[in-house]
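I have a structure I would like to understand better, so I am pasting it below and will then ask my questions one at a time.
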Amino acid sequence: MKIYLDNAATTPVAPEVLEAMLPYFSRKFGNPSSIHQYGREAKAAIEQARKHIAKMLNCAPAEIFFTSGGTESANLVIHGAVYDLGVTRMITSKIEHHCVLHTAESLFRRLRIDCVFLGENGNVDYAHLEKLLSSGEKTLVCLMHANNEIGNITDMDRVGELCKKYKAYFFSDTVQTITHLPFDLQKTPVHFITGSAHKFHGPKGAGFLYMRSDAMLKPMLHGGSQERNLRAGTENLAGIIGLEMAMIIGYALSKKEQPEIKELKNYFFQKLKNELPGIRVNGDFENSLPKILNVSFPPGVQGDYLVQNLDISGIAASAGSACASGSATGSHVLAELNVPEGRSSIRFSFSRYNTKEELDEVVGKLKEMMQQKDSSR
Ligand code: PLP
């Protein structure tokens, strides 16, 4: 049996999404910039997708720009904030995704970076954020909505209100929360948010950037006039249709599905705790996305050993973050959380396609592995 518990890294494309995309590889293949029928049909489909996405987020269609996903969108925001909006200081946290941290570091000649304090379990210290904001410099605040490794949720409204008070721009990386949490961009004071279809059962390489009408940026990619001159290059037509459909399905199911996924996570965690003594949560269990559970194991158990052996049994999970895997250094997120030395960690992340039976099997396998390890000492 194959069991996939790495849904924060990427998700399988939903069958309905694939079905919606297929005609755009064959019959409806037109270039949206062409003025003939094929092109007009493609263009109309893209504009329809933009409208639907804007409606789900409660913003104007003109504020949605299609991109290749979270990384490109974050690069656009941070570059644009520096070069177009005159931002000279960024307030962020040490546990942001590398698409934010590395982009900011690449601009070190023009951008000063201040990191907000985090509590022991990784939550933003809002009092410290206000203190940093009060210095009055032209600032972009970059704080992610939910962390991709530990799932902690940041209160976007609270950060947005502080940014409003101190006249700072606010970018929240919402890649992990689109379709998982509701949005109302008329209420939440945020200038930029981002989405990536492959995190919610859509295709890879398709995403969007929301840019509030009073914070429009200039392009990073130059060429044709696609995406109202913001992002040159022939549109990823089938990808955009897949993004739209995945988001429609995601939000249609969200109210019912999120409590079910949370129930899976609670069930799994209780079972892990009962069967494998010494397990601890990384992050804030009470304030985290239902789909992410990051746990550490007692000293002496190697996370890589467990993940590799789970893999041999057909079970996919992640030792740290997928984006950082393959790099020799460990997770920059866990490094900030004071996980005691010697404890290694695994991130399990769930989706609508997981079942309790699968989770029972995973706990059984983990137990077997830990017993084997003990008896081989
Ligand atoms: N931001 C977060 C929080 C993520 O988890 C990821 C992907 O892992 C990204 C950004 C990058 O998104 P993409 O894969 O669309 O470039």
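The values are calculated or read from the model by the stated rules, or taken from the named source; none is laboratory data. Computed from a prediction, not measured in an experiment: that's the story for all the values here. Positions of Cβ are backbone-derived with ideal geometry, glycine not excepted, and every protein chain shown enters the neighbour counts. For accessibility, only protein heavy atoms count, side chains too; no ligands or nucleic acids. Shrake-Rupley method; radii C 1.70, N 1.55, O 1.52, S 1.80 Å.
Would you pick out the residues in the stretch 151-183 that are aliphatic (A, V, I, L, M) and under 20 Å from A74 (Cα atoms)?
Listed by number, the residues that qualify are I153, M156, V159, A168, V175, I178, L181.
When you scan the stretch 184-195, do you find a residue that is of a type in the set (S, T, N, Q), modelled with pLDDT of 95 or more and within 14 Å of the chain's Cα centre (by Cα), even just one?
Yes - at least one qualifying residue is present in the stretch 184-195.
Where residues in the stretch 18-36 are among the hydrophobic types (A, V, I, L, M, F, W, C) and open to solvent by less than 70 Å² (accessible area, probe 1.4 Å), which of them is nearest to T234 (Cα to Cα)?
M21
Right, next: Could you check A45 against (1) hydrophobic (A, V, I, L, M, F, W, C); (2) open to solvent by 20 Å² or more (accessible area, probe 1.4 Å); (3) more than 16 Å from the ligand (Cβ to nearest atom); (4) closer than 28 Å to D173 by Cβ and say which number it fails?
Just one mismatch for A45, condition (2).
P203 is checked against (1) more than 16 Å from the ligand (Cβ to nearest atom); (2) within 30 Å of E357 (Cβ to Cβ) and fails just one. What number does that condition carry?
For P203, the exception is condition (1).
Could you check the stretch 169-240 for strands (runs of 3 or more DSSP E) lying wholly inside it with 1 or more residues that are open to solvent by 10 Å² or more (accessible area, probe 1.4 Å) and not acidic (D, E)?
Per the criteria, 169-172.
Go through the stretch 207-224 and give me each residue that's touching a residue at least 24 places away in the same chain (Cβ under 8 Å) and more than 18 Å from F192 (Cβ to Cβ).
G224
Quick one: would you say E105 is under 30 Å from M245 (Cβ atoms) and within 16 Å of the ligand (Cβ to nearest atom)?
Answer is no for this residue.
Additional query: How many residues are within 10 Å of the ligand (Cβ to nearest atom) and not basic (K, R) when one looks only at the stretch 186-200?
Counting residues in the stretch 186-200 that are within 10 Å of the ligand (Cβ to nearest atom) and not basic (K, R) gives 5.
Something else about it: Quick check on the stretch 340-354: of everything there that is under 19 Å from the mean Cα position of the chain (by Cα) and in a strand (DSSP E or B), which residue is surrounded by the fewest Cβ atoms within 10 Å (Cβ to Cβ)?
I346
Can you tell me which of (1) over 19 Å from the mean Cα position of the chain (by Cα); (2) open to solvent by less than 70 Å² (accessible area, probe 1.4 Å); (3) touching a residue at least 60 places away in the same chain (Cβ under 8 Å) is the one N266 doesn't meet?
With respect to (1) over 19 Å from the mean Cα position of the chain (by Cα); (2) open to solvent by less than 70 Å² (accessible area, probe 1.4 Å); (3) touching a residue at least 60 places away in the same chain (Cβ under 8 Å), N266 is out only on (3).
Same structure, new question: Of all residues in the stretch 61-101, how many are open to solvent by less than 30 Å² (accessible area, probe 1.4 Å), within 9 Å of the ligand (Cβ to nearest atom) and not acidic (D, E)?
Of the residues in that region, 7 qualify.
Is at least one residue of the stretch 114-133 crowded, with 21+ Cβ neighbours inside 10 Å and acidic (D, E)?
No, every residue in the stretch 114-133 fails to be crowded, with 21+ Cβ neighbours inside 10 Å and acidic (D, E).
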